[in-house]
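The values are calculated or read from the model by the stated rules, or taken from the named source; none is laboratory data. A quick note: this is a predicted structure, and the numbers were derived from the prediction, not measured. Every residue, glycine among them, receives a Cβ derived from its backbone with ideal geometry; neighbour counts consider all protein chains shown. Heavy atoms of the whole protein, side chains included, go into the accessibility calculation; ligands, DNA and RNA do not. Shrake-Rupley method; radii C 1.70, N 1.55, O 1.52, S 1.80 Å.
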Amino acid sequence: MSEIKKIKNLKEFSTSADRFEGANLLCPGCAHSIIVREVLNATNDDLILAASTGCLEVCTAVYPYTSWDASWIHIGFENGSSAVAGAEAMYKALKTKGRLKQPDRVPKFVAFGGDGATYDIGFQWISGCFERGHNMMYVCLDNEVYANTGGQRSSSTPIGASATTTPAGRVSYGEKKNKKDMMGIMAAHGAPYVAQVAPNKWKDMVAKIQKGFAAEGPVFINAMSACTTEWKFAPEDTIAISDLATDSLVFPLYEIINGTELNITYRPKNIIPVRDYLGAQGRFKHLFTKQYEYLIDEWQTRVDKEWERLQRREEARV
Amino acid sequence: MADTMELRDIEVWDGNMAASQALRQVQVDVVAAYPITPSTPIVENYAGFTANGYVDGEFVMTESEHGAMSCCIGAAAAGGRVATATSSQGFALMVETLYSASGMRLPIVLNVVNRAIGAPLNVNGDHSDMYMGRDSGWIQLDSYCPQNAYDLNFIAFRVSEDHDVRLPAMVHQDGFMTSHTAQGVHTLTDEAAYNFVGQYKPMNDMLDLDHPVTHGVQTEEDWHFEHKARQQHALMTAVLPKIQAAFDDFEKLTGRKYNIVEAYDMEDAEVAVVCMGTSVETAREVAEEMRAQGIKAGVVGIRVFRPWPLEQLAAVLKDVKAIAALDRSSPHGTVGALFNEISGTLFNTDTKAVLTNYIYGLGGRDLTKAHLVSIYTDLKANADAGKVTTPLQQYIGLRGPKLSFF
């Protein structure tokens, strides 16, 4: 078991490793790069990384450049999970056969994918990897939209959001379906560790990533990744928007251990209205009209109920 | 350390067992697979070897063929020997990832037990899946019998893993006809088999923790062209000499001789059948009988389908007068794949041969000796007339009204 990295403060943390370079093509204000740095900086261990097709992939490995100072692979949209699982299988095989070049070092295997790659097209592959119990971490950069291809809805897109394939219009309020409960689904695989994180709560994130790396088996991390381009807010407001998401409980921070034990890891001192979160983003602008305002109340009711459900599950310990 | 297995000099194996034994003997580091008829026993046999300590690599049973090849790609990039098997719809599901494997220049050996592609659903052998792979950038070697399926696996690993090649390779065998037909197979000892392929030599491996690498980058119009051209250059220049060298060494080791193009009775042939898979051996038998009747008949078996052996094939066919290209796949709106390849091969040569196309054996339909007699009879007529006297494309062994085109 490798030593858990000690982290003093944000300043030191943010510069404590440079395995993901600031030099990349992600949009200014994109939360992806913040999350990736937080994940990678949480450990000093060697890393073997994969990325599914998506914003992160196309913006960080444009030949002849790479933003990654750790081994990294991309195959397709759906199979970042399987790529890392294959590398992990090879690690085990070469360990058994005594052919590892650095046998005393134990790398961590991590796959990154957007919500499209995770909730939708790559779902089967992730499920397969988790069922088989590969020793890997899967991080979903959940920006609730197919941002890489220009803003189409995914099954993570929340109800009422205007996306290019579910646009708000004269007779439509946009996305009609609730966001898929990916956390519940992944926990149901019996994974040793499943957690929801947000970049603004970096200490919570680091604690969860370190717990994930310490776990034996597949770990799922759902990271809320505010998207300046598709959520339509100013690039400098990424962390402010993330604060609104976690403090309104639209994106609650919690973990599920061994598929059962649920712990809420962040309880806002002042819970703010969902209205404030929705109002800060262009994708929900149309909800603030007479025609669709009832949806904001429905949103609040849904978030309240979900918070209630999480608290009851936490108490029940089942 | 995995246990070695004592084999008799000749074992009675079907094609699937022959392939499984080859994978065991080269001590593949990672096999990731999803079973599909008729290739399933390759994976089952391998699971048996794993369960009994004859294999000490990782055996990953994935959730789909796409997942299996994705896993193989990750494993190959990590730096070790990798193999899997598939057929038909499973092959079709893998196709996207096949391009990734070759584009990333990763050595992987894929045993393809050839089978029809639905609809209609059919589990039996034809070459639709093999032809579907022909633009995927993989080396494609074709077996005619279980012995070939065994031997060509060793060739495939050796060539694929060569640092001058670094391209994945498929070993094909005919579904059920080869995969489920037991024959005597001359074996190699575990030691001789492993030594022929040698220990895997990693290159740009992700698990070399001191030298991080980036696999599967994004390129657009600025670099994509150069990458694809280099990939094609390696396929067209490096592979055939490496295969030939591997064939030569294999002959020294076993006495079994393989050729890039398998020419039978072609020295003075006037008419020739070009085909693949189990049909080659049937055609060869019929050609001998035709010769007894005074028809100078020959057979050309394609051993290496990709890279296409254009020069070797042109040389073998240069003096014949009539050629039949036999395609075991529905052409779906054109002439057969082999017909097309041979047309392209001969166009700029001095060959004056006329070429016709026979579609046969779809979905496991038998190709009988009588069918081949009729084909040779057609060819003789074409050779004598110096022109095509029959339809350019016709079906053989098809029930109902005769269908022909062109």
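The figures follow:
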item	result
Per-region count, segment B:200-211, residues facing chain A (nearest Cβ under 8 Å) and open to solvent by 60 Å² or more (accessible area, probe 1.4 Å)	1
Test for A:Tyr119: is it aromatic (Phe, Trp, Tyr), more than 8 Å from every other protein chain (Cβ to nearest Cβ), under 21 Å from A:Lys211 (Cβ atoms) and touching a Cys at 6+ places or on another chain (Cβ under 8 Å)	no
Options B:Thr219, B:Thr189, B:Thr282, B:Thr214: the member that is hydroxyl-bearing (Ser, Thr, Tyr), touching a residue at least 40 places away in the same chain (Cβ under 8 Å) and open to solvent by less than 50 Å² (accessible area, probe 1.4 Å)	B:Thr282
Single residue of segment B:68-112 satisfying the filter (among the β-branched types (Val, Ile, Thr) and more than 13 Å from every other protein chain (Cβ to nearest Cβ)) that is surrounded by the fewest Cβ atoms within 10 Å (Cβ to Cβ)	B:Thr86
Hits in segment B:337-358 (condition: under 29 Å from B:Ile117 (Cβ atoms), touching a Leu at 6+ places or on another chain (Cβ under 8 Å) and open to solvent by less than 30 Å² (accessible area, probe 1.4 Å))	B:Leu338, B:Phe339, B:Ile342, B:Thr345, B:Leu346, B:Leu355, B:Thr356, B:Asn357, B:Tyr358
Residues being facing chain B (nearest Cβ under 10 Å) and not in a helix (DSSP H, G or I) - total across segment A:80-103	5
Flag for B:Thr50 being of a type in the set (Ser, Thr, Tyr), part of a helix (DSSP H, G or I) and surrounded by fewer than 24 Cβ atoms within 10 Å (Cβ to Cβ)	yes
The lone exception for B:Ala22 - which of (1) among the hydrophobic types (A, V, I, L, M, F, W, C); (2) more than 9 Å from chain A (Cβ to nearest Cβ); (3) more than 18 Å from B:Ala156 (Cα to Cα); (4) touching a residue at least 60 places away in the same chain (Cβ under 8 Å) it fails	(3)
Cross-chain or 6+ apart pairs with Cβ under 6 Å, segment B:384-404 first and outside any loop (DSSP other than H, G, I, E, B), then open to solvent by 80 Å² or more (accessible area, probe 1.4 Å)	B:Gln393/B:Phe405; B:Gln393/B:Phe406
Helices (runs of 4 or more DSSP H) contained entirely in segment A:216-318, each with at least 1 residues that are within 20 Å of A:Arg153 (Cβ to Cβ) and among the hydroxyl-bearing types (Ser, Thr, Tyr)	A:274-279
Residue in segment B:172-183 that is on the phi < 0 side of the Ramachandran plot, in a loop (DSSP other than H, G, I, E, B) and within 13 Å of another protein chain (Cβ to nearest Cβ) present	no
Sole residue being modelled with pLDDT of 95 or more and either surrounded by fewer than 24 Cβ atoms within 10 Å (Cβ to Cβ) or within 7 Å of another protein chain (Cβ to nearest Cβ) (or both), chosen from A:Ala42, A:Ala61	A:Ala61
Residue within segment A:210-226 that is under 23 Å from A:Leu26 (Cα atoms) and more than 13 Å from the chain's Cα centre (by Cα) present	no
Conditions (1) of a type in the set (Asp, Glu); (2) in contact with a strand residue (DSSP E or B) (Cβ under 7 Å, 6 or more places away or on another chain); (3) more than 21 Å from A:Ile264 (Cα to Cα); number of the one not met by A:Asp142	(3)
